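Have a look at the structure below, then the notes.
Taken together, the values in this text are just the output of simple stated rules run on the coordinates, not laboratory data. Every value quoted in this text rests on a predicted model; they were computed, and no experiment measured them. Using ideal geometry, Cβ is built from the backbone for each residue, glycine included, and neighbour counts are taken over all protein chains shown.
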Amino acid sequence: MKNAVKISPVDMDERKNLDLRPGDTVRVWQKIEEKGKTRLQAFEGLVLARKHGTEAGGTFTVRRVASGVGVEKVFPIYSPMIGKIELIKRSRVRRAKLYFIRDKVAREARRQLRRTRMMVNVSGVTKLVAKEEAPAAAEEGGGGEG
């Protein structure tokens, strides 16, 4: 073909051959427009799901924890607003969809809260102290030796 018409700015073959699977850690570079300029911003996280295969409407879900809060984004595979997709790490998983990770993280957070307890020191400042540390802190303060 002499005059090949380019329909999309996305390299379709490259994205089709990109073997994204649940369990992969990826860095997705999003194009973000601000004040007429376009910049790339990275979103790095775990691929929870891949839906609709390699067809035009295919998507993948990426989860990361930002500032202690779980954030999930669903990216269309062939979106022109995605600059590039980097595969960082590949993990072996035994599920096709990893939605259970949401509950697992919440359980771990609750478990950590159970291990901590509130302590008020002399200045009236409240701080969280792990239960294992609490008896040691009491013994240090009441020593009287020396």
Has the range 54-64 got at least one residue that is over 21 Å from Glu108 (Cα atoms), in contact (Cβ under 8 Å) with a residue 40 or more places away in the chain and out of contact with any Pro (no Cβ under 9 Å at 6 or more places or on another chain)? no
Would you confirm whether any residue within the range 58-68 is small (Gly, Ala, Ser) and more than 14 Å from the chain's Cα centre (by Cα)? yes
Would you pick out the residues in the range 81-107 that are outside any strand (DSSP E or B) and more than 16 Å from the chain's Cα centre (by Cα)? Met81, Arg92, Val93, Arg94, Arg95, Ala96, Arg107
Output for Cβ contacts, cut-off 8 Å, separation at least six or different chains, first residue under 16 Å from Lys51 (Cβ atoms) and touching a residue at least 24 places away in the same chain (Cβ under 8 Å) in the range 76-93, second hydrophobic (A, V, I, L, M, F, W, C) and loosely packed, with under 14 Cβ neighbours inside 10 Å, reads Tyr78/Met12; Tyr78/Ala56
Can you tell me which residue is surrounded by the fewest Cβ atoms within 10 Å (Cβ to Cβ) among those in the range 10-63 that are of a type in the set (Lys, Arg) and part of a helix (DSSP H, G or I)? Lys16
Complete set of residues in the range 75-89 that are loosely packed, with under 13 Cβ neighbours inside 10 Å and among the basic types (Lys, Arg): Lys89
Of all residues in the range 15-57 being among the basic types (Lys, Arg) and touching a strand residue (DSSP E or B) at 6+ places or on another chain (Cβ under 6 Å), the one that is nearest to Pro80 (Cα to Cα): Lys31
